[in-house]
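Trainee: Sharing a structure below in C-alpha cells format, with a few things to ask.
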Amino acid sequence: MNFDLPGEDDPRRLEVRKWLEANPNPSYRDLYEQGYTAPHWPRPWGIEADPELQYIIDDEIERTGMMLPSFMFTTSIAMVAKLLLTYGTEWQREHFLPGALSGEHFWAMLASEPSGGSDLAALRTVATRDGDDYLLKGMKIWNGGADAAQIGVVLARTDVNAPKHAGISLFLVPMDTPGITVTPIKDMMGENIFEPRMSDFNEVVFDNARIPASHRVGEEGQGWMLGTLILHNERAHLARPSVAFGLGPTARELLAGLDEIGALEDPVMADRLANLFVEGEVLRVLALQVLSEQINRKPPGQAANLQKMLYAAHGQEITKLAKEAQGPSGLVANVQPFPSQVVKEEVRRNWFRRVEDWDYACWYSLGATIGGGSQQIVRNTVAERMLGLPRDVDPTARRPFNEVLREARS
C-alpha cells in the first residue's frame, strides 16, 4: 500500500502552489480565508478537504519555507475548537472560530489542578450558576500558554452532588475576565519551549470570575465526555512519527544519518534501527487512519491513545540511538551526529524549528512521557479499553463528589 503524497503534476497540488505563488508570505488570516488553516473542516471554516488534499496543502506550505501556524495555535484548533462544530451553538461558532482559525486568538487548556494529580475527574474548581452567568472559583496549574491566551478552556464542577465524572462542565473563558489571575511558572531551563512570548507552565486562579452561561459548551454534566474528546484529539494531533509532539527528526532521518557515518555496519545498531523504522511507519499509518476518521467527523477513539503510548518512547529511542552512534562526542553540546544534518544557527534560534537540532531533540523528547497524558495513564487506558483487561477499582467513582471531598479534607 502506497501512502506517499500525490505527484508533482497533481492538479490539486498545482492549484495550491499557484495560490501560494500569488500570495507570498500569507498571514494566518489569509490562510484561514482561503480555508488552509483547517482545510478538512466543513465550509465556511475549511474546504472539506480529503486526507490527500490536506497533506498536499501542508506539503506545499512547507515547501515555500513559510512557518505553518504555531504549536499553540494548531493545538488549540485540533484539541478544542473543532468541538464547537458538533457541540457548540451557532453563536459560539460565529464568536470563537474566526479568531481561532486565523491565529488571532490563542486558546489554553485549563484542566489539571494541584490536588488532582493524574485523577483529572477529581478537579475541585467550581462553576456556580448565578442567573445568566456562572461564578468560577478554584485553581488550575501547568497550563501552557495561559499567560498569553485570549481564551481559556476550563473544566469545572457544576454539580458537587453528582459523582465526580458526572458533575463536570466545559467553558470557554475570556482570560481578561475580572477575577482571573495568571502566574507564570519557570521551569529548570529558564526558557519557554513553545514561544518566547508565552510561558510553558502557569498557575491560574479563579476568584468568582463571572462567565456568561452562553460560554458553556454542551449541556451541564457533559464536561467529562468533552474533556476526553479533547485529550484524544490532542494525542492524535501530536502523535506523529517524530521525536516529540510531532516535532524533530524521524526514524527516516535517523536511517539516513546512520548510513552516512557507516554505523549500520554494526549488526546490533542495524537491528535496533530496523525496529525503530518499523515503529515509525506504524505511527505514520496510524496518523493517517486517525486523520481520515477526523475528516469524516468521527472521534479519534482509542487509536489516539495507542499512538500516544507508542510515540513517546519511540522519539526517545530515536535520539538515544543517534547519541550512541556518536560515542563520547555525543556528550558534547553542539557536536551533531550526522554531517549532512547539521542545523543552521538561525534554525536553532527559531522556537518552533529548533527541535530539528539533535541535541535539543534529545532532552526535549523526555517531555513526551508526560505531555498529553502520562504514559502510565495511557497504558492503563489501552489495557482496559482496547485489550479488555479488568478496570481499576475506584471506590469514589459513583459516590457524590461533595462526600468524597469532605472525607479528603477531614
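Trainee: Of the options S365, L247, T183, report the single residue whose Cα projects farthest towards the positive end of the charge dipole of the chain (beta-carbon charges: Lys, Arg +1; Asp, Glu -1).
Mentor: About the Cα centre, the residue reaching furthest to the positive side is T183.
Trainee: Can I ask one more? What's the ranking of 85-92, 358-365, 27-34 by average number of surrounding C-beta atoms within 10 Å, highest first?
Mentor: 358-365, 27-34, 85-92
Trainee: At R0 = 41 Å, how high is the FRET efficiency between V393 and Q150 if r is their beta carbon distance? Nearest 0.05 is fine.
Mentor: Given R0 = 41 Å and the Cβ-Cβ separation, E is 0.50.
Trainee: Which one of G388, A149, I57 has its Cα pushed farthest toward the positive end of the charge dipole of the chain, where Lys and Arg give +1 and Asp and Glu give -1 at the Cβ?
Mentor: Value computed over the given set: G388.
Trainee: A further question follows. What's the extension gain from V278 to R12 if we count 0.36 nm per residue and subtract their Cα-Cα distance?
Mentor: Full-extension gain reported as 92.7 nm.
Trainee: At a 1.4 Å probe radius, carbon and sulfur cover how many percent of the accessible area of the chain?
Mentor: Carbon with sulfur: 54 percent of the solvent-accessible area.
Trainee: Determine the dipole magnitude for the range 355-410: charges of +1 sit on the beta-carbon of Lys and Arg, -1 on that of Asp and Glu, nothing else is charged, the reference point is the Cα centre, and the result goes in debye to the nearest 20.
Mentor: 520
Trainee: Using Cα-Cα distances under 8 Å and only pairs 6 or more residues apart, what relative contact order does the chain have, in percent?
Mentor: Answer for the chain is 14 percent.
Trainee: Could you give the accessible area per residue of the chain, probe 1.4 Å, as a whole number in Å²?
Mentor: 48
Trainee: Counting Lys and Arg as +1 and Asp and Glu as -1, each charge on the Cβ, what is the dipole of the chain about the Cα centre in debye, to the nearest 20?
Mentor: 1220
Trainee: Moving on. Explain nothing, just the number: dipole magnitude of the range 114-165 about its Cα centre with +1 on each Lys and Arg Cβ and -1 on each Asp and Glu Cβ, in debye rounded to the nearest 20.
Mentor: 200
Trainee: For Kirkwood radius over Cα pairs in Å, which listed value, (i) 22.2; (ii) 26.0; (iii) 22.8, comes from the coordinates shown?
Mentor: Comparing each candidate, only (iii) matches the computed number.
Trainee: If you take the charge dipole of the chain about its Cα centre, with +1 on Lys and Arg Cβ and -1 on Asp and Glu Cβ, which of L85, A38, L321 is farthest toward its positive end?
Mentor: The one lying farthest along the dipole's positive direction is L85.
Trainee: For the pair R406/S329, report the inter-label distance in nm, with labels modelled 7 Å from Cα in the Cβ direction.
Mentor: According to this spin-label approximation, the distance is 6.8 nm.
Trainee: Subtracting the Cα-Cα distance from 0.36 nm times the residue separation, let me have the gained length for S112 to D58 in nm, one decimal.
Mentor: 16.2 nm
Trainee: Now a separate question. Using the Karplus equation 6.51 cos²θ - 1.76 cosθ + 1.60 (θ = phi - 60°), what ³J(HN,Hα) coupling, rounded to whole Hz, does each residue of the range 401-408 give in order, writing x for Gly and Pro?
Mentor: 5, 5, 5, 4, 5, 4, 5, 5
The values are calculated or read from the model by the stated rules, or taken from the named source; none is laboratory data. Nothing here was measured: the structure is a model prediction, and the numbers come from that model. When we count neighbours, we look across all protein chains shown, and the Cβ atoms used for this are built from the backbone with ideal geometry, even at glycine. Just so you know, the surface numbers come from the protein's heavy atoms only, side chains and all, with ligands and any DNA or RNA stripped out. Shrake-Rupley method; radii C 1.70, N 1.55, O 1.52, S 1.80 Å.
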